[in-house]
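The values are calculated or read from the model by the stated rules, or taken from the named source; none is laboratory data. In this text, all values refer to a predicted model and were calculated from it rather than measured experimentally. Cβ: placed from backbone, ideal geometry, glycine included. Neighbour counts: every protein chain shown.
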């Protein structure tokens, strides 16, 4: 049963690695930014992400070839304009991003191990990391948290193999 | 304005030390600080030898002789060294850590505080003055503006001394970096730091002179030089300028500052060095490149 | 032995409490604390929430106000002490003598701990702070050998706290100006070593370069582990040799010394890392909780478990740990 699940995960992962980099833009970008705006509305109201005003943060998921370019205007996160170089970049593979998101791994640890890379203005990347660390996880529904943990654990083994 | 020779940072042979201070007697310096600042293992001159040298100098000269204590105390031997200096019974002591402050305050003696004692504001200054501190050498990273703010906020001012020329002491560690460089244990260091009378330069991989290694101490790669700021130093009411001992060109350095106080300031007499800290900038920057009386 | 744990955010504080912290130390989100990084630390709202969670679980809250107050804004540091007193924090961790005088006069019931930033390394130095300000506890600098810690513990009239684990400062704390020499900002006055705005990471042909205000600190080859971009852990040229002239990227780990530290009468073990994530806090606090419980049970028979060692190494700078100054040969 475990072997079947793992091979399905592996096939899915390889398919993603092949297909996603071929797309001109990750179709999930708009939806993801919408999700950020909804989930982080309190923090946005409190001005906790003002440091991103008119700044471009580029997040690259290296194995899947996905790029997410975010900026902030007014009280909202927005998609950053194409063709403008990013002020700050963060990159890692999908398993490591999920490990951070699910609270399995510490970003500094991954950074020391060269699995998480920062570029451009370090302060933006560092502040984003700290703000995300400070988010109240209890606001994420239990099922979603558990889902994240399961996928993170799964992907950790798949990518490692 | 008085000129002071700070305590020696490097480890020099005994004969050289004696000769160096002999030479200093014939300079226009007003104050000499003597004593081991960096490492309690250095034994060319032990505490008793420094006391003896200091007393000899005090007898033959009308310069003020001040005894400096170790900066970073680790062992009981270090502490006993500091106790001997504090108990000297005659000369003023510069405390370079709170152990010395405690001993001197308990004994009811006046004392001065060196730049490694963290006095960053008027309230700390007042606390220590209430315990007997009469002179303050500001931390090397403080700017002219901050110094002015402290002094403006003081009811009662101590004598104020500024580190005006020389490689600045930036850090102290448990580890001896000279021994590390030579592949030796600190406990078996063979006192090899004596081979580096100017310390051991540390450069970036691109050849930028960053620091100077001196046993457990790390100094700035460039000397600070506040000669160009002489006028501002006077205006701020600074009483004493500290010139840090170096093996070569000490007389020229003293002469350049002495000329400044005789209205004959010539900044070109000395290498430019750095003045970033004084100007509220990173310490390694040089802000006032030419002219005199530059403002921060 | 009290386990004192770091928290730079509420989730980190919860992770510390959930995993067995006896006390958690936090800072306010400004330059009054020595981990003054963007997005980190507690505003008033979160400090209150932190206190509530600490009280619900019967633990202690310490507030670190451990930088040196600037002459033009001393009131900000005073306000931080007032805020900590208003929270009814179990202690404030201070380094500035002027500020300690203020705390003593204004809040006589507030318990004072001497910060590691005050660099008190001898019995008379500790006595100075006890007599003048009534400090209850002092955190010892990471410059003393085990023998020196034992001697100090025997002579001290205040409780002593020592570092157990975390990023290693190799310089005497509060007496290092390397960061301000290159960037203009220092741990003492700005609460930050190598401020992020001065740090640059760049992939170059020769490897990953890290620069601080333009100064090259190191170049890492493909397979090398990295560390924090601090000057003391860079690679430099000395006498024509390229070397980690001061220290390699590494973290302090004194777990193996727990029986000796306990026997010496050390009252608390401090874990470093307010800048790290809740994931780090959870892992290292759980590990140290188990180790301290084991030392209480087994005394001198205590041995460091392999799994503990792995967890701590994994979370270390450069993926390696050292006994640091506790171990004389390191010095």
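A few comments on the model shown:
- Condition check for residue C:140: farther than 22 Å from residue C:112 by Cα, under 21 Å from the mean Cα position of the chain (by Cα) and more than 10 Å from chain B (Cβ to nearest Cβ): no
- Only one of the listed residues (B:123, B:43) is closer than 30 Å to residue C:142 by Cβ and away from chain C (no Cβ under 14 Å). That residue is B:43.
- Hits in segment C:145-187 - residues which are part of a helix (DSSP H, G or I), touching a helix residue (DSSP H, G or I) at 6+ places or on another chain (Cβ under 8 Å), under 21 Å from residue C:323 (Cβ atoms) and more than 9 Å from every other protein chain (Cβ to nearest Cβ): C:146, C:149, C:150, C:152
- Residue within segment C:227-237 that is within 9 Å of chain A (Cβ to nearest Cβ), touching a strand residue (DSSP E or B) at 6+ places or on another chain (Cβ under 7 Å) and part of a loop (DSSP other than H, G, I, E, B) present: yes
- Candidate set from segment C:302-327 (those that are within 18 Å of residue C:259 (Cα to Cα) and not in a loop (DSSP other than H, G, I, E, B)); member that is farthest from the chain's Cα centre (by Cα): C:306
- Filtered by the rule that a residue be more than 19 Å from residue B:41 (Cα to Cα) and at the interface with chain C (Cβ under 10 Å from one of its Cβ atoms), segment B:57-102 gives B:98, B:101, B:102.
- Test: residue C:118 is facing another protein chain (nearest Cβ under 8 Å) and at pLDDT 95 or above: yes
A quick yes/no check of all residues on (1) assigned to a helix (DSSP H, G or I); (2) within 12 Å of chain C (Cβ to nearest Cβ); (3) closer than 18 Å to residue A:32 by Cα:
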{"residue": "A:48", "(1), (2), (3)": "no, yes, no"}
{"residue": "A:59", "(1), (2), (3)": "no, no, yes"}
{"residue": "A:70", "(1), (2), (3)": "no, no, yes"}
{"residue": "A:86", "(1), (2), (3)": "no, no, no"}
{"residue": "A:105", "(1), (2), (3)": "no, yes, no"}
{"residue": "A:115", "(1), (2), (3)": "no, yes, no"}
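- When every residue of segment B:38-55 is checked against the conditions, at least one turns out to be in a loop (DSSP other than H, G, I, E, B), in contact with a strand residue (DSSP E or B) (Cβ under 7 Å, 6 or more places away or on another chain) and in contact (Cβ under 8 Å) with a residue 12 or more places away in the chain.
- Selection within segment B:63-76 - modelled with pLDDT of 95 or more and surrounded by fewer than 18 Cβ atoms within 10 Å (Cβ to Cβ): B:64
- Verdict on residue C:118 being crowded, with 21+ Cβ neighbours inside 10 Å, out of contact with any strand residue (DSSP E or B) (no Cβ under 8 Å at 6 or more places or on another chain) and under 25 Å from residue C:2 (Cα atoms): no
- Considering B:216, B:240, the condition of being at the interface with chain C (Cβ under 9 Å from one of its Cβ atoms), surrounded by 18 or more Cβ atoms within 10 Å (Cβ to Cβ) and under 30 Å from residue B:135 (Cβ atoms) is satisfied by B:216 alone.
- Just one residue in the set B:13, B:7 is under 20 Å from residue B:137 (Cβ atoms) and at pLDDT 95 or above; that residue is B:7.
- Number of residues in segment C:242-264 that are outside any helix (DSSP H, G or I) and either under 18 Å from residue C:183 (Cβ atoms) or more than 8 Å from chain B (Cβ to nearest Cβ) (or both): the value is 10.
- Answer residue from segment C:196-216, given it is in contact with a helix residue (DSSP H, G or I) (Cβ under 7 Å, 6 or more places away or on another chain) and more than 8 Å from every other protein chain (Cβ to nearest Cβ) and is surrounded by the fewest Cβ atoms within 10 Å (Cβ to Cβ) among those: C:198
- Annotation note: of A:144, A:152, A:95, A:99, the sole residue that is assigned to a helix (DSSP H, G or I), touching a helix residue (DSSP H, G or I) at 6+ places or on another chain (Cβ under 6 Å) and under 21 Å from residue C:10 (Cα atoms) is A:99.
- Residue match in segment C:286-303 (condition: touching a strand residue (DSSP E or B) at 6+ places or on another chain (Cβ under 9 Å) and closer than 27 Å to residue C:38 by Cβ): no
- From the options C:56, C:66, C:43, C:36, residue that is touching a strand residue (DSSP E or B) at 6+ places or on another chain (Cβ under 8 Å) and over 22 Å from residue C:137 (Cβ atoms): C:43
Each row is one residue, and each column tells you yes or no for (1) outside the structural domain of residue C:109 (by TED's automatic domain parsing); (2) farther than 24 Å from residue C:193 by Cβ; (3) without any contact (Cβ under 8 Å) to a residue 60 or more places away in the chain.
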residue	(1), (2), (3)
C:16	no, no, no
C:37	no, no, no
C:61	no, yes, yes
C:76	no, no, yes
C:82	no, yes, yes
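- Per the listing B:158, B:169, the residue uniquely at pLDDT 95 or above and surrounded by fewer than 24 Cβ atoms within 10 Å (Cβ to Cβ) is B:158.
- Residue list for segment B:253-283, restricted to those being touching a helix residue (DSSP H, G or I) at 6+ places or on another chain (Cβ under 7 Å), within 20 Å of residue B:220 (Cβ to Cβ) and surrounded by fewer than 18 Cβ atoms within 10 Å (Cβ to Cβ): B:280
- Some residue of segment B:178-197 being in a strand (DSSP E or B) and either over 22 Å from residue B:136 (Cα atoms) or touching a residue at least 12 places away in the same chain (Cβ under 8 Å) (or both): no
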